[in-house]
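Here is the structure we will look at, set down as structure tokens.
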Amino acid sequence: MSLVEKIDLQRVPQHIAIIMDGNGRWAKERNLDRSQGHRKGLDVVHEITNDAADLGVKYLTLYAFSTENWNRPQAEVDALMALVVFGIERETPGMIENGVRLSVIGDTSRMPADVQKRLQKCIEDTAGGTRITLNLALSYSARWEITHAAQQLACEVAQGKLKPEEIDDTIFASRLTTAQLPDPDLLIRTGGELRISNFLLWQLSYAELYFTSEYWPDFNKESLCQAIIDYQSRERRYGKTSEQVTTNEKA
Ligand code: IPE
Ligand code: IPE
Ligand code: MG
């Protein structure tokens, strides 16, 4: 039985978020430059987006560049920005053809103007895609996002548009960059580290977490299937008892 056949297609996670880690170590093990690890990682983004769409995943959020990644050596930052443009230009026609819609979360105003422009054009060109939303986290960090939302809410209160007591978790979530997306059901981190690294701190509240030591450039459809199979073996209780959850399922 293949791994794909072991997946219950009725219970595929609607939204998968991935911390794509390990490009640098993958390259180092091969005596390559770190940028070549990122370049290979881009090909994996292409494959995994299509694999996820084929399996019925509707939203795929990929952590591509964190706020903290701005502190890397300038040459690596420049190579990553160039790779975003290269990737967008290469992928846009296929995305349109395959119904892949692009969205971006993060403080993109920090990115070079040409990168911002290219991303914006791809967002517009792919706006009609309904098969899967590919959501790229670029210049993103959860603390930036949450403080930004708090600032916005404070302004609305100061302008009299909102009362402090009206702020509840639905209103707060609607001021986050992910307002249009459901929360991730499954978080995958490749590369072996067991941490969140400032990713989607609000949205991951009830996500199932899956860590693999595989480096992102080695991640493939089998790896994705394995993560989904593991996810499907979990019981999502949201604070309730196991009995309550199984009774609800039957009801
Ligand atoms: C993840 O791979 C990609 C980005 C953070 C841009 P890394 O570049 O962090 O790879 P490692 O963790 O050094 O192996
Ligand atoms: C997390 O990876 C960010 C991305 C994958 C874009 P890092 O390699 O930057 O995370 P740390 O530094 O190991 O926590
Ligand atoms: Mg890393």
For segment 120-179, with the dipole built from +1 on Lys and Arg beta-carbon atoms and -1 on Asp and Glu ones, taken about the Cα centre, which of 128, 148, 173 lies farthest toward the positive end? 128
Take every Cα-Cα distance within segment 73-161, group them into 10 Å bins from 0 onward, and report for each bin the whole-number percent of pairs it holds. 15, 38, 29, 15, 3
Using the Karplus equation 6.51 cos²θ - 1.76 cosθ + 1.60 (θ = phi - 60°), what ³J(HN,Hα) coupling, rounded to whole Hz, does each residue of segment 72-78 give in order, writing x for Gly and Pro? 6, x, 3, 4, 6, 4, 4
Segment 113-251: spread of alpha-carbon positions along the three principal axes, whole Å, largest first, is 49, 46, 33
Using a Cα-Cα cut-off of under 20 Å, which aspartates and glutamates could be cross-linked to residue 28, ignoring same-chain neighbours fewer than 8 residues away? 43, 76, 78, 193, 214, 218
Plugging the Cβ-Cβ distance of residue 241 and residue 221 into 1/(1 + (r/R0)^6) at R0 = 45 Å yields, to the nearest 0.05, a FRET efficiency of 0.80
Solvent-accessible area, 1.4 Å probe, carbon plus sulfur percent, for the chain: 50 percent
Mean accessible area per residue over the chain (1.4 angstrom probe, all protein chains present, square angstrom) is 52 Å²
If R0 = 41 Å, then residue 6 and residue 158, at their Cβ-Cβ distance, give a FRET efficiency to the nearest 0.05 of 0.15
Longer than 22 Å from Cα to Cα, which of 58/117; 6/240; 58/221; 40/221 are they? Say none if no pair is. 58/117; 6/240
Say the dipole of segment 134-241 comes from +1 at the beta carbon of Lys and Arg and -1 at that of Asp and Glu; which of 192, 210, 182 then lies farthest toward its positive end? 182
Could you tell me the distance between the Cα centroids of segment 99-120 and segment 1-15, to the nearest Å? 31 Å
Whole-angstrom Cα spans of segment 1-42 along principal axes, big to small: 42, 25, 13
Quick one: grab Rg to one decimal and Dmax as a whole number for segment 1-103, Cα atoms only, in Å. 15.5, 47
Quick one: plug the Kirkwood hydrodynamic radius of segment 135-202 (C-alpha pairs) into Stokes-Einstein at 25 °C, 0.890 mPa s, and report D in µm²/s. 180 µm²/s
Projected area averaged over orientations for the chain, convex hull of C-alpha atoms, nm²: 16.2 nm²
Hey, what did the chain get for relative contact order, percent, Cα under 8 Å, at least 6 apart? 28 percent
Give me the Kirkwood hydrodynamic radius of segment 100-141, using the inverse of the mean 1/r over all pairs of distinct Cα atoms, in Å to one decimal. 10.5 Å
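The values are calculated or read from the model by the stated rules, or taken from the named source; none is laboratory data. Bear in mind that the values here come from a model prediction, so they are computed numbers and not experimental data. When we count neighbours, we look across all protein chains shown, and the Cβ atoms used for this are built from the backbone with ideal geometry, even at glycine. What goes into the accessible areas is simple: the full protein's heavy atoms, side chains included, and nothing from ligands, DNA or RNA. Shrake-Rupley method; radii C 1.70, N 1.55, O 1.52, S 1.80 Å.
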